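Colleague: Encoded as structure tokens, here's the structure I'll be asking about.
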Amino acid sequence: MKTLTFFAGLVLSAVCALGQDLRTATLVGNVTDPSGAAVANASITVTNVDTNVATRSKTNNEGAYYVPFLILGNYSLTVETQGFKKFEQSGLALAAGETPRVDVKLQVGAVTDEIRVTAQAALLETDNAVVGGTTSTKEIHDEPIPQSKPQHFMYYQEGSQANNDGTYHILGQPEGQMSYTLDGVIAKQALGKALGDTNTLITPPVDTLQEAQVFTTGIPAEIGHSAAGAYSLTTKSGTNELHFSAEERYINKDWLHRQFLNQGATNTPFEYHNFNATLSGPIVIPKLYDGKNKTFFLLGYRLDYDHEENIATVSVPTQDELNGNFSFGGLGYPIYDPRTITNCPAGTTCAGGSKFTATPFPGNLIPRSQFDPVAVKFLSLNPYNTNNAAPTFTSTGPTNDYLAGNHYISDRQGYLGKIDQTINDKQKIFVRYIWNNTAVRL
């Protein structure tokens with residue numbers, strides 16, 4: 001059994017900070033008057049419509065505003081200042097790691113007057129040179145992926161390709177040098193591990209994810225130690241509404257066609273369950289604490305229960321080989337008696353250009369009397385399965401002469417808990433704990 005634990009501890013974000021983390025978005029823009037002149041000291045309010053959490057700022061002397069560390073979701077933007085009509089724009093969908101720009105041109109009037117913009121085209125990231133793709137919350141919900149493993153969202157992203165072993169690479173670069181982060185924190189047990197190796201990667205329940213991003217070029221400076229692209233996952237946060245989801249995928253072996261070695265009624269061990277569940281909302285303790293608009297939780301659980309038999313064709317020694325017969329149907333290379341090795345006469349060359357000569361064993365059969373006693377004892381323990389299929393002989397031995405079924409057992413579980421807390425409009429904090437438990441047996 002192998003257990004991986006991962007703790008993304010207290011993350012405190014202040015609006016005055018100039019950095020940007022991969023799990024949040026930043027909204028920027030300029031505020032001008034009808035003539036195009038900058039409007040300084042205008043009040044900026046960015047409100048998450050799902051949590052009702054507001055983040056406030058003001059424009060500087062150049063009329064620019066900067067609002068960082070906005071968790072993913074839908075937002076409204078309000079701009080107010082004396083002598084101009086109040087401006088409000090809704091329908092702003094912010095994605096992780098993005099820095100979209102929304103410039104505002106105010107109209108002269110009373111603050112009690114209001115200009116509302118409710119339709120919004122896709123936001124442009126003119127302040128960010130990163131190139132990549134994003135899988136949104138709806139796409140995470142709708143797109144089919146094998147075994148509910150989050151790395152498989154890369155299959156839908158331009159610039160990323162799947163390898164035959166279930167791992168991925170970006171633009172042909174080495175898969176071991178690709179970065180993999182969860183909420184902005186590295187989620188690979190070792191730097192050189194490839195994305196898709198579920199024994200050494202943190203794997204969150206899929207339904208707890210808000211976004212999955214692939215960075216192909218211009219990788220953000222926040223992602224260090226990455227030379228071959230980056231894959232970033234961002235978890236959801238709770239909202240003022242209680243949400244619950246659950247899904248189970250189950251396959252009964254009686255619904256499957258028999259495998260190659262199964263004749264008649266199948267007795268192949270097979271069982272597959274995949275279960276995901278999430279619960280999120282505000283933290284509310286009746287008569288003690290009401291966390292609406294400020295304290296939110298997210299819980300997630302994932303089970304992948306996979307028992308099956310894998311058929312393998314391999315090469316094993318035949319009984320003839322174990323008895324010392326290496327003729328291989330007349331194809332085997334000659335085997336020489338090591339006790340007869342002698343040097344060729346001085347100034348001459350033996351057959352084949354060699355400097356030595358030896359006597360081959362007749363028929364490539366090594367007499368059992370010449371077996372080493374250690375080898376005899378070893379072979380008496382029956383260390384090899386003998387062939388159960390007709391071998392294909394080559395000059396070096398039989399091949400593909402044993403068919404076997406290995407009982408593969410893979411039980412994987414994932415647990416995730418997260419709390420988001422708004423201290424005030426300038427300070428936010430989140431705590432997340434994720435635990436993966438993996439048991440694989442053959």
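Read the figures in this text as sums done on the coordinates, not as results from a lab. Fair warning: this is a prediction, and the values are worked out from it, not measured in the lab. Every residue, glycine among them, receives a Cβ derived from its backbone with ideal geometry; neighbour counts consider all protein chains shown.
Colleague: Can you give the extra length, in nm with one decimal, that the chain gains between Asp165 and Asn437 once fully stretched, where that is 0.36 nm per residue apart less the Cα-Cα distance?
Modeller: Going from the current span to full extension adds 95.7 nm.
Colleague: What is the distance in Å between the Cα centroid of the stretch 143-197 and that of the stretch 353-391?
Modeller: So the separation of the two Cα centres works out to 47 Å.
Colleague: Continuing with this model, one more query. Would you mind getting me the FRET efficiency between Arg249 and Tyr333? Use the beta-carbon distance for r and R0 = 60 Å, nearest 0.05. Don't skip to the answer; put the middle values down first.
Modeller: On the way: r = 53 Å, r/R0 = 0.88.
Between Arg249 and Tyr333 the formula returns 0.70.
Colleague: Provide Thr99, Thr342 in ascending order of the number of other Cβ atoms located within 10 Å of each residue's Cβ, fewest first.
Modeller: Ordered from fewest to most neighbouring Cβ atoms within 10 Å, Thr99, Thr342 come out as Thr342, Thr99.
Colleague: A follow-up question, please. Mind checking which of Thr396, Ala358, Asn382 is farthest towards the positive end of the stretch 316-400's charge dipole, using Cβ charges of +1 (Lys, Arg) and -1 (Asp, Glu) about the Cα centre?
Modeller: About the Cα centre, the residue reaching furthest to the positive side is Ala358.
Colleague: How about Lys105: which aspartates and glutamates have a C-alpha closer than 20 Å to its C-alpha, ignoring those fewer than 8 places off in the same chain?
Modeller: Result set, ordered by chain and number: Asp33, Glu62, Glu80, Glu88, Asp113, Glu114, Glu125, Asp127.
Colleague: Using the count of nearby Cβ atoms within 10 Å as a rough guide to exposure, how do His243, His169 rank from fewest to most?
Modeller: The fewest-first ordering by Cβ neighbours comes to His243, His169.
Colleague: Then there's this: Please identify the trypsin sites (Lys or Arg not before Pro) of the stretch 339-416 that satisfy two criteria: DSSP loop assignment and at most 15 other Cβ atoms within 10 Å. Which are they?
Modeller: Working: sites: Arg339, Lys355, Arg368, Lys377, Arg412; in loops: Lys355.
Sparse-neighbourhood loop trypsin sites (Lys or Arg not before Pro): Lys355.
Colleague: Another question, if that's okay. How about the stretch 132-184: which GluC sites (Glu not before Pro) there are in a DSSP loop, with at most 14 other Cβ atoms within 10 Å of their Cβ?
Modeller: When the GluC sites (Glu not before Pro) of the stretch 132-184 are filtered for loop state and at most 14 Cβ neighbours within 10 Å, Glu158 remain.
Colleague: List the pairs from Lys292/Lys426; Lys138/Lys253; Lys58/Lys86; Lys188/Lys418; Lys138/Lys236; Lys193/Lys253 whose alpha-carbon separation is above 22 Å, in the order I gave them.
Modeller: Lys138/Lys253; Lys193/Lys253
Colleague: Please report Val31, Val284, Val39 as a ranked list, fewest other C-beta atoms within 10 angstrom at the top and most at the bottom.
Modeller: By the 10 Å Cβ count, ascending: Val284, Val39, Val31.
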